[in-house]
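Reading through the structure tokens given below for one structure.
The values are calculated or read from the model by the stated rules, or taken from the named source; none is laboratory data. Because the structure is a prediction, the values reported are computed rather than measured. FYI the Cβ positions are ideal-geometry reconstructions off the backbone, even for glycines, and counts take in every protein chain you see. The accessibility values were calculated without ligands, DNA or RNA, using every heavy atom of the protein model including side chains. Shrake-Rupley method; radii C 1.70, N 1.55, O 1.52, S 1.80 Å.
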Amino acid sequence: MDKSLRKAVIAGNWKMNKTPDEAKAIINEMKPLVADADCDVVLCVPYIDIFAAQEAAAGSNIKIGAENCHWAESGAFTGEVSAPMLKAIGVEYVIIGHSERRQYFGETDETVNKRVRAALDSGLTVILCVGELLDERKKGVTMEVVRSQTKIALQGVSNEELDKIIIAYEPVWAIGTGETATAEQANEVNHAIREVLGEIYCPKCASRVTIQYGGSMNAKNAAELLAQEDVDGGLIGGASLKAEDFSVIVKAASI
Ligand code: PGA
């Protein structure tokens with residue numbers, strides 16, 4: 001499989017951090033640092049920051065995404081935001097199925113699938129998160145978990161729509177913990193995800209899908225992780241809140 005078939009994507013996931021003014025300030029700091037990137041650069045930000053982030057990123061190579069979307073187009077879902085709403089304000093990317101959504105907000109493989117469908121129907125590019133819990137890794141069922149999450153999330157997604165899917169492998173035990181998967185562990189699971197995609201679609205289709213690693217990726221370990229054959233980018237939490245650190249990761253993906 002040829003890594004050069006795929007464009008690397010470095011995406012920040014700000015989670016519940018930064019006010020609109022803070023968003024503008026950090027994006028203004030980031031812009032010159034990532035201007036020469038030879039990879040796609042995305043920042044997924046809280047809904048409240050989207051307008052400010054778009055304004056600050058205008059004319060640069062930084063694209064703005066959201067951190068989730070609901071599956072319905074509209075309706076009585078207090079506190080939720082729909083995919084058509086995101087599309088209407090020029091959002092291009094949306095994270096779906098992040099482990100924090102699954103862990104703290106009751107999202108299941110089935111609701112993740114519905115959100116993926118809704119995002120695609122609105123023309124958004126999905127960053128679909130999958131990954132095992134520590135307990136599951138200890139039990140040796142990582143591959144089963146990740147295979148099943150991937151399969152269910154992509155139910156009803158056509159071959160053509162695969163162009164709008166990025167998968168982020170994020171072992172839950174590595175998120176925000178400072179503990180990173182080794183480059184080999186990341187590559188092994190990313191490779192397994194590509195195999196599942198090959199089974200659902202076709203091996204050639206799978207070879208074109210960007211599969212990121214996420215979980216304490218930082219300025220120090222990014223180069224080694226990104227050098228792996230099946231690691232095509234990163235979903236970056238903590239390190240995307242610092243312009244300098246984020247730009248080092250972007251540079252590591254641009255080699
Ligand atoms: P982290 O978060 O880089 O802070 O571990 C990654 C993520 O949750 O997407």
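Worth a mention:
- Filter result for GLY237 (within 11 Å of the ligand (Cβ to nearest atom) and either open to solvent by less than 10 Å² (accessible area, probe 1.4 Å) or touching a helix residue (DSSP H, G or I) at 6+ places or on another chain (Cβ under 7 Å) (or both)): no
- In the range 154-183, the residues that are within 23 Å of ASP40 (Cβ to Cβ), out of contact with any Cys (no Cβ under 9 Å at 6 or more places or on another chain) and not in a loop (DSSP other than H, G, I, E, B): GLU160, GLU161, ASP163, LYS164, ILE165, ILE166, ALA174, ALA183
- Within the range 87-103, the set of residues being of a type in the set (Gly, Ala, Ser) and within 16 Å of the ligand (Cβ to nearest atom) comprises GLY97, SER99.
- Flag for LYS251 being more than 20 Å from THR125 (Cβ to Cβ) and without any contact (Cβ under 8 Å) to a residue 12 or more places away in the chain: no
- Any chance GLY140 is more than 14 Å from the ligand (Cβ to nearest atom), within 26 Å of GLU195 (Cα to Cα), in contact (Cβ under 8 Å) with a residue 12 or more places away in the chain and in a loop (DSSP other than H, G, I, E, B): no
- Subset of the range 214-231 [away from the ligand (no atom under 12 Å from the Cβ), buried (at least 20 other Cβ atoms within 10 Å of the Cβ) and part of a loop (DSSP other than H, G, I, E, B)]: ASP230, VAL231
- Among the residues listed as SER74, SER60, the single one being more than 16 Å from the ligand (Cβ to nearest atom), among the polar types (S, T, N, Q) and surrounded by 15 or more Cβ atoms within 10 Å (Cβ to Cβ): SER60
- Filter pass, VAL250 being out of contact with any Ser or Thr (no Cβ under 9 Å at 6 or more places or on another chain), crowded, with 24+ Cβ neighbours inside 10 Å, in a helix (DSSP H, G or I) and at pLDDT 95 or above: yes
- Residue in the range 171-193 that is within 19 Å of ALA253 (Cα to Cα), open to solvent by 10 Å² or more (accessible area, probe 1.4 Å), in contact with a helix residue (DSSP H, G or I) (Cβ under 6 Å, 6 or more places away or on another chain) and within 16 Å of the ligand (Cβ to nearest atom) present: yes
- Any chance GLU199 is away from the ligand (no atom under 15 Å from the Cβ), free of Cβ contacts under 8 Å to residues at least 12 places away in the same chain, farther than 27 Å from SER240 by Cα and not polar (S, T, N, Q): yes
Residues are listed down the side, and each one gets a yes or a no for (1) under 26 Å from LEU226 (Cα atoms); (2) touching a residue at least 40 places away in the same chain (Cβ under 8 Å); (3) surrounded by fewer than 17 Cβ atoms within 10 Å (Cβ to Cβ):
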site: ILE26; (1), (2), (3): yes, yes, no
site: GLU29; (1), (2), (3): yes, yes, yes
site: ASP36; (1), (2), (3): yes, yes, yes
site: LEU43; (1), (2), (3): yes, yes, no
site: ILE50; (1), (2), (3): no, yes, no
site: GLN54; (1), (2), (3): no, no, no
site: GLY65; (1), (2), (3): yes, yes, no
site: ALA88; (1), (2), (3): no, no, yes
